[in-house]
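Shown next, in structure tokens, is the structure this report addresses.
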Amino acid sequence: APGVSMGELDRIAQNIIKSHLETCQYTAEELQQLAWQTHSYEEVKMYQSKSREVLWQQCAIQITHAIQYVVEFAKRITGFMELCQNDQILLLKSGCLEVVLVRMCRAFNPLNNTVLFEGKYGGMQMFKALGCDDLVSAVFDFAKSLCSLQLTEEEIALFSAAVLISTDRPWLMEPRKVQKLQEKIYFALQHIMQKNHMDEDALAKLIGRIPTLAALCTLHTEELQAFQQLHPETVNVLFPPLYKELFN
Amino acid sequence: KEKHKILHRLLQNSTS
């Protein structure tokens, strides 16, 4: 990388990895312990029997909780806090859900296609009552495909940061500054992945998932709009304020 | 900032 020393890349990487480890919501050890704790048949039936509004609200709460950890992740990244406030807000607004989806692969078990939700692992069928099977199955597919890349915690940390600090977001006031930081993160990620993966194309495969991430977020927005048309009072009164601010 | 009061406040607050 021209004009960047290995020392600087290493500093950036270590800062991002530290931030991730501090703000990842569940440690790797906690996730390991929970690994085969799955929701029972009765518990799944219980989720399936909830009304659409109730389950949407529960999911909105969980997503918002996860987003709060992503905000903290961003705040502990030195380069992110050096961006102007406008761009910090823009990047988080447009990227926080994508980062949640990346982080989700840590709490996804590809052996039985279950995700950690409200304390235990459960499959897609748990979310039937939401009435957006396409979105749920797309999210599960994405998590499974990300798991197949067998990313280390460090790689997840750096990839999360690269997804967040993206020049593809409209209305950035200092796109060049964002670009420089993003490039350094990708260089650091490339360096780490070259060491960890036999597959030379591992980073390219990872970058190739980014359009899917964007599509998932668009689909989420569409589903929310459709849901809100039918249940405006649920969204206005019962959804977390941060969720509404970001996605409404 | 005006349209994202909660996000702005989260960014301003000291680390939680």
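Looking only at segment A:181-204, decide whether some residue is closer than 27 Å to B:GLU2 by Cα and either at pLDDT 95 or above or more than 14 Å from chain B (Cβ to nearest Cβ) (or both). The answer is yes, given that some residue of segment A:181-204 is closer than 27 Å to B:GLU2 by Cα and either at pLDDT 95 or above or more than 14 Å from chain B (Cβ to nearest Cβ) (or both). As for segment A:157-166, it holds at least one residue that is surrounded by 18 or more Cβ atoms within 10 Å (Cβ to Cβ), within 14 Å of another protein chain (Cβ to nearest Cβ) and at pLDDT 95 or above. Only a single criterion out of (1) within 14 Å of chain B (Cβ to nearest Cβ); (2) among the hydroxyl-bearing types (Ser, Thr, Tyr); (3) more than 20 Å from the chain's Cα centre (by Cα) is not satisfied by A:SER49, namely (1).
Flag not set for A:LEU101, criterion: buried (at least 20 other Cβ atoms within 10 Å of the Cβ), more than 16 Å from A:LEU216 (Cα to Cα), under 17 Å from the mean Cα position of the chain (by Cα) and among the hydrophobic types (A, V, I, L, M, F, W, C).
Here are A:VAL54, A:VAL4: which of them is surrounded by fewer than 15 Cβ atoms within 10 Å (Cβ to Cβ) and at pLDDT below 95?
Only one candidate qualifies: A:VAL4.
Mind listing just one residue for me: the one in segment A:205-248 that is out of contact with any Phe, Trp or Tyr (no Cβ under 9 Å at 6 or more places or on another chain) and of a type in the set (Ser, Thr, Tyr) and, of those, farthest from the other protein chains (Cβ to nearest Cβ)? Only one residue fits best here, namely A:THR218. Taking each residue of segment A:64-87 that is surrounded by fewer than 16 Cβ atoms within 10 Å (Cβ to Cβ) and looking for partners that are among the charged types (D, E, K, R) and assigned to a loop (DSSP other than H, G, I, E, B) with beta-carbon atoms closer than 9 Å, six or more apart or interchain, yields A:CYS84/A:GLU174; A:GLN85/B:LYS1; A:ASN86/A:GLU174; A:ASN86/B:LYS1.
The values are calculated or read from the model by the stated rules, or taken from the named source; none is laboratory data. Please read these numbers as outputs of a predicted model, since none were measured by experiment. With ideal geometry, Cβ positions are generated from the backbone for all residues, glycine too; neighbour counts draw on all protein chains shown.
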